[in-house]
Amino acid sequence: MADRLCLQGILYVLYNDIAWQLLPLELGFDSGQTCWRRLERWQQAGVFDQLHRILLSQLNATGGRAPWRGVGDHSSVAGSRVVLSG
């Protein structure tokens, strides 16, 4: 299975707070057990620690402003617009 699909499956399980075995196969993420094993392997390899360090480095480089953070107000919600801070 492709890493991207596994990551999507992992995020789906975590976001929806469901058991690994309940990951819907029809979404194309393969089995929850496969995603769980990949998550375990990535954790042991330090992938998420490295990602955390990279994101913190980018945040520090921008003076504490997260370039990926979206900002909206009541007028932008009504028009379904999102303005990215930069």
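The values are calculated or read from the model by the stated rules, or taken from the named source; none is laboratory data. This is a predicted model, so every value here is computed, not measured. Cβ sites come from the backbone with ideal geometry, for glycine too, and all protein chains shown count toward neighbours. Ligands, DNA and RNA are stripped out before the accessible areas are found, and what is left, the full protein with its side chains, is counted by its heavy atoms. Shrake-Rupley method; radii C 1.70, N 1.55, O 1.52, S 1.80 Å.
Observations on the model:
- These residues, I18, I10, go from largest to smallest accessible area, 1.4 Å probe, as I18, I10.
- Backbone HN-Hα couplings from phi across the range 52-59 [Karplus 6.51/-1.76/1.60, Hz, Gly and Pro as x]: 4, 5, 5, 5, 5, 4, 5, 5
- About its Cα centre, the range 23-67 has a charge dipole of approximately 200 debye under the convention of +1 per Lys or Arg Cβ and -1 per Asp or Glu Cβ, with nothing else charged.
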